[in-house]
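This report refers to the structure that appears directly beneath it.
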Amino acid sequence: MKLRTFSIIKPDAVAAGHAGAILSMLEEVGFKILALRMTRLTQSQAEGFYAVHRERPFFPSLVKFMTEGPLIVMALEREDAVAKLREVMGATNPANAAEGTVRKRLAQSIERNCIHGSDAPETAEVELRYFFSTLDLQG
Ligand code: GDP
């Protein structure tokens with residue numbers, strides 16, 4: 001069954017001109033783009049989105065990074081969408097990411113790692129609702 005997930009092309013990748021390359025990599029492995037928007041996060045939006053990490057030492061730096069410039073939010077559809085996106089993204093730290101993944105190819109550091117992908121189907125639905133309406137998600 002086709003499922004959907006949520007992704008962000010993060011500010012580092014947009015600023016570096018990697019948005020097109022990342023979209024190509026996602027389409028090449030069969031993701032359909034259901035919805036897509038360039039936006040900017042306010043500090044409170046970034047804090048809310050990453051609330052699960054608020055006690056972590058890197059939280060202030062992560063929020064600063066995610067608010068530094070435009071980013072692209074996306075709803076993606078595919079068989080096994082959540083797991084497949086995590087596979088194509090690669091490990092959080094690009095030093096540990098597998099060859100051919102987005103993070104291995106394009107990311108600079110464990111923080112500035114180009115792409116977000118939901119970690120579970122339930123998280124995906126919450127994150128999709130953070131940015132998109134039912135109408136947006138019709139594809
Ligand atoms: P993801 O699911 O692979 O994106 O990783 P996490 O959910 O664990 O972390 C969310 C985001 O926080 C990551 O994508 C990074 O941008 C950032 N991050 C995670 N771990 C670290 C860390 O140890 N240091 C710093 N500076 N940022 C981190």
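With a point put 7 Å past each Cα toward its Cβ, work out how far GLU125 is from ASP80 in nm, to one decimal.
2.2 nm
By counting other Cβ atoms within 10 Å of each Cβ, how are GLU111, GLU79 ranked from fewest to most?
Ranked by crowding around the Cβ, least crowded first: GLU79, GLU111.
Can you list the residues, at least 5 places off or on another chain, whose amide H is less than 5 Å from the amide H of LEU34, using H built in the peptide plane?
Placed amide hydrogens put ALA75, LEU76, GLU77 under 5 Å from LEU34.
In whole Å, what is the distance between the alpha-carbon centres of the stretch 35-72 and the stretch 78-97?
Rounded to whole Å, the Cα centres lie 20 Å apart.
Could you tell me the relative contact order of the chain? Use alpha-carbon pairs under 8 Å, at least six residues apart, and round to a whole percent.
Taking the mean separation of contacting Cα pairs over the length of the chain, I get 38 percent.
On a full-extension model of 0.36 nm per residue, what is the gain between ARG54 and ASN93, subtracting their alpha-carbon distance, rounded to one decimal in nm?
This chain segment gains 12.1 nm when fully extended.
Read-outs: derived from the displayed coordinates by stated rules, not from any lab. Worth saying up front: this structure is predicted, and the values here are computed from it rather than measured. A quick note on method: Cβ atoms are made from the backbone with ideal geometry, for glycine too, and the neighbour counts reach across all protein chains shown.
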